[in-house]
Amino acid sequence: MPNSRVEAPLPIPNSGDPKAQSPAPEADAPAETAPSKPSSGYLVSPLFDCLNFLYMPLIALVIGIAISHAPFVKTKIYVDGRPLLPHMIFILILTAAHLVLVFVRSHGNGKVFRRHPWRFTLVPLVLGLALYNSLWLSMFVSVVAIWWDLYHSSMQTFGLARLYERKAGNDVEVGRSLDKWLNILLYAGPILGGATLLNHIRLSKFERLGPFFAAIPAKVETLESTLTYGLLAVAIPFLIYYVYSYWRFAQQGHRVSYPKVFLLIVTGVTSIYTWGFNSFGQAFFIMNLFHAWQYFAIVWWVEGGNVKRILRVEGRPYLATAIALTFFVALPLGYGTLVTVIHLTTNNALFCLAMVVTIMHFWYDGFIWSVRKKHV
């Protein structure tokens, strides 16, 4: 995406009146100027951004609250003999689908692929073979994935925030570290100091890694209150410093990106309300829903045209978009459906494949969407 810095003011054109056109201004007289039209500040369009990026955390929150009161929430569906709730099956499928979607950019975009060919070929192959031949390693990686996912999710919102900064015409280096730590705080803070910490610990299944790791959940449970107060002791001063720093940037000419401000507030409120309190018991559903939806929108926005070229459906605007979007959504959801079943079976080869896709998604996302290097 081209840098959207506001161009230098342009001279006002002549009005067409002959009198106005005849003498030229003196050399030392400053020419009258008018400001150029500023950028809208949105990445794609107001409607696209609002539906897919800015309001999506709130939309997911409303859906999660509505689902918690729906009758079907208590209806269990048995998959391979294990009970699952309908909405949890859906979110597991969607989550796995967005994980595999990274390959549309890493492997489907030739320019991106040529930057890191060995990372996109040799590394996943080696990791897959290692996981297949070591049960302990596959269990260890599955535990790491739970916590890497937390960091990865915060970096997605961070990336969007930096894109909005660039769209506003600001230097992408200014405030970068502040935004990064703020997003980590908004995601990790409510978990470490909130109601879902033990859920994350239990979901990690540390006991599968041996006696030393098995003691972690009990130890964390005894430190819950300490973690909460410690987090508040760090978070409150940081938030004050963050606001002060951006106020100081504004004094120096830094433009306020209102879409970015709105995105951070909405995401922060949703994260604190869901991870921190989990009042409706739908924290995992809510957070994964808006994260996956945003990711689908990001990849389609950047790679939609490339998908059309791969499918050879260019030149037919509406039909091409319909065909490309159908494949773009259906194939990842098909993979997600398969992976949801894999997690409930003992097929080691397919489980290792799913873990490779998960880890590669987290890793690839760290370097294929660089705002500083203008890769987006």
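The values are calculated or read from the model by the stated rules, or taken from the named source; none is laboratory data. Source: prediction; values computed, not measured. Ideal geometry is used to build each Cβ from the backbone, glycine not excepted, and the neighbour counts take in all protein chains shown.
Please count how many residues of the stretch 158-213 are modelled with pLDDT of 90 or more, farther than 27 Å from Leu92 by Cα and of a type in the set (Phe, Trp, Tyr).
Residues meeting the conditions: 2.
Do the conditions hold for Ile236, that is, is it more than 24 Å from the chain's Cα centre (by Cα) and in a helix (DSSP H, G or I)? Spell out how you get there, then give the answer.
Working: more than 24 Å from the chain's Cα centre (by Cα): yes; in a helix (DSSP H, G or I): yes.
Taking the combined requirement at face value, the residue satisfies it.
Restricting to the stretch 114-162, count the residues that are under 17 Å from Thr358 (Cβ atoms) and not in a helix (DSSP H, G or I).
Looking only at that region, the number is 1.
Sort out which residues of the stretch 336-348 are modelled with pLDDT of 90 or more and surrounded by fewer than 19 Cβ atoms within 10 Å (Cβ to Cβ), and write them in order of number.
Taking the stretch 336-348 as the starting set, the residues that turn out to be modelled with pLDDT of 90 or more are 336-337.
Result: Thr337, single match.
Taking the stated definitions as given, is Val256 among the aliphatic types (A, V, I, L, M), free of Cβ contacts under 8 Å to residues at least 24 places away in the same chain and closer than 18 Å to Leu178 by Cβ? Outline the logic, then answer.
Numbers: among the aliphatic types (A, V, I, L, M): yes; free of Cβ contacts under 8 Å to residues at least 24 places away in the same chain: no; closer than 18 Å to Leu178 by Cβ: yes.
So Val256 does not fit the description; no.
What is the number of the single condition among (1) farther than 23 Å from Met56 by Cα; (2) in contact (Cβ under 8 Å) with a residue 12 or more places away in the chain; (3) out of contact with any Asp or Glu (no Cβ under 8 Å at 6 or more places or on another chain); (4) of a type outside the set (Ser, Thr, Tyr) that Trp301 does not meet?
It fails just one condition, (1).
Could you check the stretch 53-108 for helices (runs of 4 or more DSSP H) lying wholly inside it with 1 or more residues that are surrounded by fewer than 16 Cβ atoms within 10 Å (Cβ to Cβ)?
Numbers: elements: 56-68, 86-100, 102-106.
Result: 56-68, 86-100.
Which of (1) touching an Asp or Glu at 6+ places or on another chain (Cβ under 9 Å); (2) crowded, with 17+ Cβ neighbours inside 10 Å; (3) not in a helix (DSSP H, G or I) is the odd one out, the single condition Asp171 does not satisfy?
(2)
Of all residues in the stretch 305-335, how many are small (Gly, Ala, Ser) and crowded, with 16+ Cβ neighbours inside 10 Å? Steps first, answer last, please.
We begin by selecting, within the stretch 305-335, every residue small (Gly, Ala, Ser); these are 305, 315, 320, 322, 324, 330, 334.
Filter once more, keeping what is crowded, with 16+ Cβ neighbours inside 10 Å: 320, 324.
Matching residues across the stretch 305-335 total 2.
For (1) at pLDDT 90 or above; (2) among the aromatic types (Phe, Trp, Tyr); (3) under 21 Å from the mean Cα position of the chain (by Cα); (4) not in a helix (DSSP H, G or I), each residue gets a yes or a no:
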site: Thr267; (1), (2), (3), (4): yes, no, yes, no
site: His291; (1), (2), (3), (4): yes, no, yes, no
site: Gly315; (1), (2), (3), (4): no, no, no, yes
site: Leu350; (1), (2), (3), (4): no, no, no, no
